[in-house]
Amino acid sequence: MNNLIEFFKRAFHIIVLAVLLILSIVMLGKSLSFNENRLARAVQSIVGPIQESGAGMIHRFRLGPENEELVKQNIELMREHENMFIGKEDTVMTEMGKPDSVNRKQVRLYDYTYAHVIYRTVDRAFNYMIVDKGSNDGIARDMAVLSPSGVAGVVTDVAQNFATVRPILHPESRISAVVTPANQNGTVIWEGSDPRVAYLEAIPQHSEINIGDSVFTNGYSNIFPKGLLIGTVKEVQVGNNASFLTIKVKLATKYTDIYTVYLVENLFKDELDTLKANFKDE
Amino acid sequence: MNNIIANILRFLLLLVAQVAICQHVNLFGYMSPALFLLALFLLPLELPLSLQYLIGFATGFVVDAFAHTFGVSSFSCTVMMFLRPYIVKMLNGANNVKFENIDRPVPGVKDFHWIFLYTLILTFIYEVSAVLLGTMTFKNFGHTLLVIIGNTTFTVFVIFCIEYIFHPREKKE
């Protein structure tokens, strides 16, 4: 008996070793069968939250490059949207010089690029933003600036590597807009100090505007493509001017945390501007 | 007593560093450090053998839990802890039967040569076992070998960096 106890004492660590190794092998075997892994599930419920916060931390370091990729992908998708094109008809002539068939084709009217806001103000009467791209990157005056959530402003001044953007939050900012579903055209202006709210002007009093209606660009300006969200109707009042409504618009763009912006270039801007200038002269 | 607290703190610290940082590091696809091994390397050899095995197993289990590789690390750590005394005996020239506090891979206590071989051999044992159990195949063995060597190199490098940062050689033999 004594011998037996003595033996166990001496061999105890070997037994522990064997038990632990067998346990490991069993766990390994269990983990290889995908269906029934209760151990993994039990442990995951403890480890999961810890791991999640850790992964979040590490993910944050990678957000920069990932965002750049997503922005580029966004641009590719946005370029294909129908409001980027105008329809044209090409008449194909026969050899005899008579019209044969009509080719409808889409001509690209707008193109996109992107930039990052490196400085912006929101609390002044004349606000402005500066983006990190300039004439070297193909930025030009009067390009439209969009935030991921909606219209942001217009490029007003371009240096070699930077450009100034006039946001909606500027007394001189005027954007032609259409409010749906009433389909009334008006102008979005900003007055006052609230960076979240602008006004929609020149909407006739008879139109039925409801709170929550969306305000889009109408594409009249040749700066903004058609159908970009400016904001939503927040308040409708009968103004002093009897024939028009005063409409408060909650801006879609959050100017307080704007970083990535998309810039829209009108490829036929010169042509369209010439036409408009001619019209004015007459 | 002081020693025990130091050991426990070191364990926690290295385990957190392992699951929070090292597990997400993977250089070139075949270099991933197993920093927590340092905690096991520094474990006193005077502890009862069964306790050493248990600690090894538990450490491996925690690492497994975070890596979703149940059994892989636990098995490898236990095997490594089992072989550790023999490696130390071998490095000491087999004349030192009783283990003492000086049999630790700490700069100043042992020379570079001893620490290097100790760390390299034990890491290699762990990685061979862990990588083979992890891949569970001898297919594409060239890559498996690359992973074993890459992991071992990286781990030894990181452990050495930490050893020599935290134990400046103040008491030279």
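The values are calculated or read from the model by the stated rules, or taken from the named source; none is laboratory data. Computed from a predicted structure; not experimentally measured. Glycine gets a Cβ as well: all are built from the backbone with ideal geometry, and neighbour counts include every protein chain shown. Quick note on the areas: whole protein, heavy atoms, side chains included, nothing else; ligands and nucleic acids left out. Shrake-Rupley method; radii C 1.70, N 1.55, O 1.52, S 1.80 Å.
At a glance:
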item: Among B:150, B:136, B:74 the positive-end extreme of the charge dipole of the stretch B:2-166 (Cβ point charges); result: B:136
item: Between helix B:49-67 and chain B: long-axis angle, C-alpha atoms, 0 to 90°, nearest 10; result: 40
item: Amide H within-cut-off set for residue A:249, under 5 Å, with H built and near neighbours excluded; result: A:198, A:199, A:200, A:234
item: Charge dipole magnitude, Cβ of K and R +1, D and E -1 - chain B, Cα centre, debye nearest 20; result: 100
item: Choice from A:253, A:217, A:91 with maximal GNM fluctuation in chain A (Cα, 10 Å cutoff); result: A:91
item: Most fluctuating residue given options A:191, A:82, A:52, as computed from a GNM of chain A linking Cα atoms under 10 Å; result: A:52
item: Estimated FRET transfer efficiency (residue B:135, residue A:257; beta-carbon r; R0 56 Å; 0.05); result: 0.75
item: FRET efficiency, 1/(1 + (r/R0)^6) with R0 45 Å, evaluated for residue A:95 and residue A:157 via beta carbons; result: 0.25
item: Around residue A:79: net Lys/Arg minus Asp/Glu count, Cβ-Cβ under 14 Å; result: -3
item: Residues whose placed amide H lies under 5 Å from that of residue A:227, excluding near-sequence neighbours; result: A:217, A:218, A:219
item: Solvent exposure ordering (accessible area, 1.4 Å, most first) of A:57, A:78; result: A:57, A:78
item: Gain in span if fully extended, residue A:57 to residue A:7, counting 0.36 nm per residue against the direct Cα distance; result: 12.8 nm
item: Among A:216, A:12, A:85, residue whose mean-square fluctuation peaks in a GNM of chain A (springs only between Cα atoms under 10 Å); result: A:12
item: Ratio of Rg to Rh over the protein assembly as shown (Cα coordinates, Kirkwood Rh, two decimals); result: 1.24
item: Residue A:128 long-range amide H proximity, modeled H, under 5 Å; result: A:121
item: Helical mean residue ellipticity (222 nm; -39500 (n - 2.57) per DSSP H run of 4+; nearest 500) of chain A; result: -11000 deg cm²/dmol
item: On Cα atoms only, tilt of A:38-79 relative to the major axis of chain A in degrees; result: 20
item: Student exercise, chain A dipole from Lys, Arg, Asp, Glu Cβ charges, in Debye to nearest 20; result: 1300
item: Principal-axis tilt of helix B:141-166 within chain B, Cα atoms, nearest 10 degrees; result: 30
item: Residue pairs, from the table B:89/B:139; A:72/B:139; A:133/A:269; A:234/A:276, whose Cα atoms sit over 28 Å apart; result: B:89/B:139; A:72/B:139; A:234/A:276
item: Largest-first ellipsoid semi-axes for chain B, taking √(5λ) over the Cα gyration tensor eigenvalues, angstrom; result: 25, 17, 17
item: Chain B, relative contact order [Cα under 8 Å, separation at least 6], %; result: 25
item: Sites residue A:272 and residue A:211, calculated FRET efficiency, Cβ-Cβ separation with R0 56 Å, nearest 0.05; result: 0.95
